[in-house]
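Trainee: Okay, handing you the structure first.
The values are calculated or read from the model by the stated rules, or taken from the named source; none is laboratory data. What you see is a predicted model, and the numbers here were worked out from it, not measured in a lab. Cβ sites come from the backbone with ideal geometry, for glycine too, and all protein chains shown count toward neighbours.
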Amino acid sequence: MIWKRTGARCSDLACDVRFERISFNQPGSRRTSRSAGYVLHRVLIPREVYDEVTVAGCGFPGAEEVRAASWVHVAPRPTQPDPVLVQNCRGLGSGETSAILLAACLSADVILLDERKARRVAAHIGLRVVGCVGVLEAGARAGRITDLRSVYVDLLRQGIRFDLAMLSDSLTRLGFPRL
């Protein structure tokens with residue numbers, strides 16, 4: 001997720017799908033893209049990420065929600081990316097690479113990435129990196145996620161891999177029972 005002070009944001013694939021799963025599967029929530037949009041406001045995603053989520057990910061949780069969400073906007077890949085940055089992104093997936101290139105092009109304040117190598121590359125070029133857990137914590141602080149522990153349990157049940165100690169620490173920081 002790229003976050004500029006102007007409000008523009010860009011997300012890499014992992015958080016889009018994970019956040020959609022949370023926003024739309026939370027007990028008692030209504031299935032509308034507005035519920036997630038309230039926390040994220042506006043998300044810019046590179047074309048590669050959009051295609052990966054909505055085309056290659058068709059039928060998976062979150063794919064249709066991303067396609068229908070009015071707060072998700074597709075941004076084209078920068079036309080003249082920094083060749084050194086492109087070289088630094090070698091070995092990353094196309095979603096992570098395109099998100100980092102877009103964030104660098106926009107001089108973003110924050111980028112959302114979960115993949116370790118992508119996080120290192122983004123941090124190395126001076127981008128502030130936030131992971132999916134950070135977005136979920138922000139949603140809990142804003143009152144949009146009322147039971148963060150249940151959200152984490154649901155994600156783990158869906159096969160999303162997280163470090164359990166990291167999730168427990170997150171819950172402790174926000175006053176929820178540990179896993």
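Trainee: Across segment 52-71, which residue is farthest from residue 155 (Cα to Cα) among those that are within 15 Å of the chain's Cα centre (by Cα) and acidic (Asp, Glu)?
Mentor: Among residues in segment 52-71 that are within 15 Å of the chain's Cα centre (by Cα) and acidic (Asp, Glu), the one farthest from residue 155 (Cα to Cα) is 52.
Trainee: From the residues in segment 35-77 that are of a type in the set (D, E, K, R) and in contact with a strand residue (DSSP E or B) (Cβ under 8 Å, 6 or more places away or on another chain), which one is modelled with the lowest pLDDT?
Mentor: The qualifying residue modelled with the lowest pLDDT is 42.
Trainee: Now for a separate question. Take the conditions under 21 Å from residue 45 (Cβ atoms), in contact with a strand residue (DSSP E or B) (Cβ under 7 Å, 6 or more places away or on another chain) and acidic (Asp, Glu) and apply them to residue 82. Does it pass?
Mentor: no
Trainee: If you go through segment 74-88 one residue at a time, do you hit one that is within 15 Å of the chain's Cα centre (by Cα), surrounded by fewer than 18 Cβ atoms within 10 Å (Cβ to Cβ) and of a type outside the set (Gly, Ala, Ser)?
Mentor: Scanning segment 74-88, I find at least one residue that is within 15 Å of the chain's Cα centre (by Cα), surrounded by fewer than 18 Cβ atoms within 10 Å (Cβ to Cβ) and of a type outside the set (Gly, Ala, Ser), so the answer is yes.
Trainee: Would you check which residues across segment 110-133 are part of a helix (DSSP H, G or I) and at pLDDT 90 or above and list them?
Mentor: Of everything in segment 110-133, those that are part of a helix (DSSP H, G or I) and at pLDDT 90 or above turn out to be 116, 117, 118, 119, 120, 121, 122, 123, 124, 133.
Trainee: Among the residues of segment 40-60 satisfying the criterion of being of a type in the set (A, V, I, L, M, F, W, C) and assigned to a helix (DSSP H, G or I), which is surrounded by the most Cβ atoms within 10 Å (Cβ to Cβ)?
Mentor: My answer is 49.
Table: residues versus (1) over 16 Å from residue 115 (Cβ atoms); (2) in contact with a Leu (Cβ under 9 Å, 6 or more places away or on another chain); (3) in contact (Cβ under 8 Å) with a residue 60 or more places away in the chain.
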position: 130; (1), (2), (3): no, yes, yes
position: 135; (1), (2), (3): no, yes, yes
position: 144; (1), (2), (3): yes, no, yes
position: 148; (1), (2), (3): yes, yes, no
position: 152; (1), (2), (3): yes, yes, no
position: 158; (1), (2), (3): yes, no, yes
position: 167; (1), (2), (3): yes, yes, no
position: 174; (1), (2), (3): yes, yes, no
position: 177; (1), (2), (3): yes, yes, no
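Trainee: Which residues, counting only those in segment 134-173, are in a loop (DSSP other than H, G, I, E, B) and under 30 Å from residue 106 (Cβ atoms)?
Mentor: 142, 143, 144, 145, 160, 161, 162, 163, listed by residue number.
Trainee: Are there any pairs, at least 6 apart or on different chains, whose C-beta atoms fall under 7 Å, with the first in segment 72-88 and among the aliphatic types (A, V, I, L, M) and the second in a loop (DSSP other than H, G, I, E, B) and modelled with pLDDT of 85 or more, and if so, which?
Mentor: Pairs that qualify, where the first residue is among the aliphatic types (A, V, I, L, M) and the partner is in a loop (DSSP other than H, G, I, E, B) and modelled with pLDDT of 85 or more, are 85/125.
Trainee: Something else: Give the residue that is farthest from residue 72 (Cα to Cα), with candidates limited to residues of segment 93-109 that are within 16 Å of the chain's Cα centre (by Cα) and surrounded by fewer than 19 Cβ atoms within 10 Å (Cβ to Cβ).
Mentor: Taking the candidates together, the pick is 93.
Trainee: Looking at segment 137-164 only, could you name the residues that are exposed (fewer than 13 other Cβ atoms within 10 Å of the Cβ) and basic (Lys, Arg)?
Mentor: Within segment 137-164, 157, 161 qualify.
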